[in-house]
Amino acid sequence: MESLRPSNHCRGHVSHSLRLPSGIRVGSRKGNFSSTWVAISKKATQTNPVNYPCLKVYGKQSGESVIEKEEPVMSEVEPRLRYFPGNASPLGVSESENGFNFAIFSRHASSVVLCLKYIDGCIVDSQMELVEIALDPSNNRTGDIWHICVEGLPGHEVLYGYRIDGPKEWERGHRYDSSVVLLDPYAKLVSGRNFFGDVTEKNCNFLGTYDFDSFPFDWGPDYNLPNIPENELVIYEMNVRAFTADESSGLDPDIRGSYLGIIEKIPHLLELGVNAVELLPIFEFDEFEFQRFPNPRDHMVNTWGYSTINFFAPMSRYASRGGGPLAASLELKQMIRALHNAGIEVILDVVYNHTNEADDKNPYTTSFRGIDNKVYYILDFDNNARLHDFSGCGNTLNCNHPVVMDLILDSLRHWVTEYHVDGFRFDLASVLCRDTDGTPLKAPPLIKAIAKDEVLSRCKIIAEPWDCGGLYLVGSFPNWDRWAEWNGKYRDDIRRFIKGDCGMKGSLATRVSGSADLYQVNKRKPYHSINFVIAHDGFTLYDLVSYNCKHNDANGEKGRDGCNDNFSWNCGFEGEVDDDNINSLRSRQMKNFHMALMISQGVPMMLMGDEYAHTRYGNNNSYGHDTAINHFQWGQLESKRDGHFRFFSEMIKYRHNHHILRRTRFLTKNDVTWHENNWENLESKFLAFSLHDEKHGSDIYVAFNAHDYFVEVVIPPPPPMKNWYRVVDTNLVSPKDIVPDGILFSSSRYNIAPYSSILLEAKP
């Protein structure tokens with residue numbers, strides 16, 4: 001069957017008349033898209049374009065009666081449509097000489113129907129007609145690609161999707177359901193609800209859209225990419241919405257939680273001193289996915305975004321004023337341009353290990369599952385072709401299948417060329433190292449292709465080198481000397497030493513000197529270690545020193561979710577306490593962690609909010625709370641500006657100003673002196689060392705004391721013609737805890753307080 005859509009001249013919304021040529025019927029179609037459909041029972045000849053009168057239909061709810069009578073001929077319905085076979089490349093929607101080309105992959109489909117729908121002034125009217133065009137396999141299929149060219153469509157304000165049918169053989173991996181209108185995996189823009197968390201649109205459909213009418217984005221005559229060397233990065237992990245959603249941001253309500261909101265807060269990032277932001281997922285996702293059916297999590301809203309619907313489209317509800325997908329694309333570019341102009345790079349946290357479509361028990365079919373489940377996902381054919389779950393989210397993308405690999409590479413290139421993104425952090429990247437049956441690969445084709453791709457050659461590529469199937473690859477992630485890694489061993493070892501665990505002194509020395517045990521292989525460098533103590537999942541820095549156990553009751557899973565191995569210490573009391581001694585110790589510990597991070601070789605990464613000691617009250621898995629638990633509290637920042645924030649900011653800037661803290665090679669015996677002859681003493685919780693600046697003699701002396709008592713140490717002599725200046729003592733209160741220019745220290749001994757650290761610098 002061939003179906004029709006109204007042409008761009010047939011967009012009246014008062015009179016919905018219909019002129020029906022013979023063989024055409026109009027009716028309602030049951031399914032998850034409540035709209036009228038139009039079907040033409042005779043095939044169009046694809047070798048020659050076929051013209052049909054412009055059609056208008058009444059917007060009908062699903063299940064309403066069918067209209068099967070001819071209406072009087074109307075003078076306003078003269079414009080005609082034309083169809084052509086179209087091309088198999090490129091996938092998605094593209095402009096062609098004859099109109100707009102639609103192309104989608106489905107190897108196992110038996111039928112594909114293109115569905116079209118107009119947008120009225122950028123507002124989706126759920127009552128408007130959905131028009132369907134059935135593709136003829138003999139004319140509209142080339143290999144595994146289904147395609148058609150439609151002449152007469154406007155260049156924007158059109159929604160589209162596909163109904164796809166195929167084998168019903170579950171045991172062979174198929175999950176076809178032609179009642180669902182599916183989102184094109186290659187849609188560059190996605191339309192759903194306009195406002196984040198709008199419960200009135202909770203059950204909206206997600207459809208592709210496009211814009212071929214707007215002028216190319218103007219990046220500006222003086223615009224340049226920052227191109228910051230990897231060893232000079234200080235990464236700030238942050239969430240777009242949570243950064244400015246709170247009223248305390250002081251922003252206009254229309255731009256809170258948006259891309260534009262970040263622009264307004266760039267001065268804060270500059271004052272802090274970071275030069276790269278790592279954005280939690282900004283690909284389109286459905287924040288209401290937990291509320292599709294009754295379950296223990298159906299009170300939560302997905303605020304982190306680790307549940308991708310589409311890999312090409314920016315999150316449309318991060319647009320200001322509910323502007324929709326076109327505004328989201330424009331404003332994201334404006335945000336990236338502003339960050340670049342401020343010297344800040346943009347790294348995207350990308351989720352290619354799974355999609356939003358959940359598991360086989362409670363599937364959420366929006367795209368891949370209904371297009372070709374057998375190709376897009378890793379299946380367990382020894383268990384009735386059920387979805388493998390190496391992601392912990394119900395499904396696993398089949399990343400090293402050639403079709404899926406091309407999809408991922410095309411997506412990455414799109415973000416680099418269209419949005420000027422500077423790099424990517426790959427969530428659960430070990431999934432990308434699995435074969436099509438889930439078996440780990442030593443040389444995964446996708447990982448190699450990303451490392452070798454010309455378009456991606458300027459990008460930072462960072463792996464989270466583990467997955468939920470037990471494939472832990474820290475230090476051994478396939479890398480081709482390009483891939484950096486989230487260094488999970490750094491996080492654990494630093495946490496354990498600072499909180500006072502025994503036997504961690506050697507591990508601390510290894511981690512702060514660049515983790516050569518993990519990365520000094522082939523041509524890898526210290527900057528291939530992304531050092532972090534805190535990340536989005538897990539405790540905040542304040543909670544790390546305030547809670548021994550997670551407190552996740554608000555998540556609805558009776559505390560079963562979230563990591564149990566936090567290596568945290570509450571400093572003597574669980575949670576909030578009005579005790580000056582405990583609060584002072586917690587403050588000291590937070591400064592100890594931050595100083596360790598900033599003096600370590602490698603690339604430091606910190607979490608949004610740690611600069612003012614944000615708390616989630618012990619929740620170490622806060623992905624579902626669109627509240628102050630996750631939202632940046634700007635009022636608290638102001639209250640900490642002269643103390644906690646000042647220390648964090650000055651420590652970052654100190655790192656920027658001292659090249660020996662960010663070397664491009666691993667340390668040698670000429671670069672460091674360990675003031676230690678007691679490595680085998682497992683009870684020792686003290687470590688001191690000097691970093692040498694052979695060129696300028698600006699040595700740095702660092703000491704960490706994780707004992708619960710004072711340790712008096714002998715300070716080594718400074719280099720010739722130099723004196724020691726005390727820069728940091730975390731036991732002191734602000735502003736004495738960090739003095740960037742240093743205070744002359746002339747003694748040969750230093751009495752280092754319990755749970756504190758010091759930094760001395762040699763200067764003339």
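The values are calculated or read from the model by the stated rules, or taken from the named source; none is laboratory data. Being a predicted model, the structure only gives us computed values, none of them experimental. Cβ sites come from the backbone with ideal geometry, for glycine too, and all protein chains shown count toward neighbours. Ligands, DNA and RNA are stripped out before the accessible areas are found, and what is left, the full protein with its side chains, is counted by its heavy atoms. Shrake-Rupley method; radii C 1.70, N 1.55, O 1.52, S 1.80 Å.
In the full protein assembly as shown, how much of residue 366 is accessible to a 1.4 Å probe, in Å² to the nearest 10?
Number for this one is 10 Å².
Express the accessible area of the stretch 608-716 per residue in Å², computed with a 1.4 Å probe while the remaining protein chains stay in the model.
Ligands and nucleic acids excluded, the result is 42 Å² per residue.
Amide H of residue 142 versus every other amide H placed in the peptide plane: which residues, excluding those fewer than 5 positions away on the same chain, fall under 5 Å?
HN-HN under 5 Å from residue 142: 147.
With all protein chains present, calculate the accessible area of residue 712 using a 1.4 Å probe and round the result to the nearest 10 Å².
120
With every protein chain left in place and a probe of 1.4 Å, what is the accessible surface of residue 270, to the nearest 10 Å²?
90
Taking θ = phi - 60°, what integer Hz values does the Karplus form 6.51 cos²θ - 1.76 cosθ + 1.60 yield along the stretch 442-457, in sequence order, with x for Gly and Pro?
Using θ = phi - 60°, the values come out as 6, 10, x, x, 5, 4, 5, 4, 5, 5, 9, 5, 5, 5, 8, 5 Hz.
Distance check, please: which entries in 374/489; 117/333; 265/460 exceed 32 angstrom between their Cα atoms?
From the list (374/489; 117/333; 265/460), the Cα-Cα distance tops 32 Å for 374/489.
Taking all protein chains together and a probe of 1.4 Å, list 117, 202 from the most accessible to the least accessible.
Sorted descending by solvent-accessible area, the residues read 202, 117.
Mind ranking 485, 331 by accessible surface for me, highest first, 1.4 Å probe?
331, 485
Please sort 726-732, 309-315 by packing, taking for each peptide the average over its residues of neighbouring beta carbons within 10 angstrom, highest first.
Ranked from most to least packed, the peptides come out as 309-315, 726-732.
Calculate the all-directions average of the projected area of the stretch 81-214's alpha-carbon convex hull, and give it in nm².
9.2
Could you derive backbone 3J(HN,Hα) for the stretch 229-238 from the dihedral phi with the Karplus parameters 6.51, -1.76 and 1.60 (θ = phi - 60°), listing whole Hz in sequence and x where the residue is Gly or Pro?
x, 4, 5, 9, 6, 10, 8, 10, 7, 8
With a 10 Å radius around each residue's Cβ, average the other Cβ atoms per peptide and rank 227-233, 189-195, highest first.
My ranking of the peptides, most packed first, is 189-195, 227-233.
Rounded to the nearest 5, what % of DSSP beta bridges with both residues in the chain are antiparallel?
Antiparallel bridges make up about 75 percent of those DSSP assigns within the chain.
So what's the gap between the Cα centers of the stretch 516-588 and the stretch 415-458, to the nearest angstrom?
After rounding, the separation between the Cα centres reads 28 Å.
Decide, for the stretch 559-601, between rounded, prolate and oblate: order the square roots of the alpha carbon gyration tensor eigenvalues as a ≥ b ≥ c, take rounded if a/c falls under 1.5, and otherwise choose prolate if a/b is larger than b/c, else oblate.
In terms of gyration-tensor shape, oblate.
Apply the a/c threshold of 1.5 to the C-alpha gyration tensor of the chain and tell me whether it is rounded, prolate or oblate.
Prolate, because a/c is 1.5 or more and a/b exceeds b/c.
One-quarter of the Cα convex hull surface for the stretch 639-715, in nm²?
Spelled out: convex hull of the Cα atoms, projected over all directions, averaged, 7.6 nm².
Rounded to whole Å, give me the distance from the Cα center of the stretch 272-330 to that of the stretch 133-172.
Cα centroid to Cα centroid, the span is 27 Å.
So, with a 1.4 angstrom probe, what is the percent of accessible area on the chain that is carbon and sulfur?
48
For helix 402-419, what angle does its Cα long axis make with the longest principal axis of the chain, in degrees from 0 to 90 and rounded to 10?
Tilt of helix 402-419: around 70 degrees.
Can you tell me the orientation of helix 488-498 relative to the chain, as the angle in degrees between its alpha-carbon axis and the longest Cα principal axis, to the nearest 10?
The angle comes out near 40 degrees.
So for the stretch 503-639, averaging the separation of alpha carbon pairs under 8 Å that are six or more residues apart and normalising by length, what relative contact order in percent results?
Rounded, it is 34 percent for the stretch 503-639.
Once amide H atoms are built 1.01 Å from N in the peptide plane, which residues 5 or more positions from residue 386, or in another chain, come under 5 Å H to H?
Under 5 Å from the amide H of residue 386 lie the amide H atoms of 380, each far enough along the sequence or on another chain.
Per-residue HN-Hα couplings for the stretch 721-733, Karplus 6.51 cos²θ - 1.76 cosθ + 1.60 at θ = phi - 60°, whole Hz, x for Gly and Pro?
6, 10, 10, 7, 10, 7, 9, 10, 9, 5, 7, 8, 8
Taking a ≥ b ≥ c as the square roots of the eigenvalues of the Cα gyration tensor of the stretch 653-764, is the shape rounded (a/c under 1.5), prolate (a/b larger than b/c) or oblate?
oblate
Taking Cα atoms, how many degrees apart are the long axis of helix 580-599 and the longest axis of the chain, rounded to 10 and kept between 0 and 90?
With rounding to tens, the tilt is 80 degrees.
Ordering 277, 199 from largest to smallest accessible area (1.4 angstrom probe), what's the sequence?
Descending accessible area places them as 199, 277.
Taking a probe of 1.4 Å, how large is the accessible area per residue of the stretch 177-239, in Å²?
Accessible surface, normalised per residue, equals 44 Å².
Based solely on its DSSP helices, what 222 nm [θ] is calculated for the chain when runs of n ≥ 4 H residues each add -39,500 (n - 2.57) and the sum is averaged over all residues, nearest 500 deg cm²/dmol?
-5500 deg cm²/dmol
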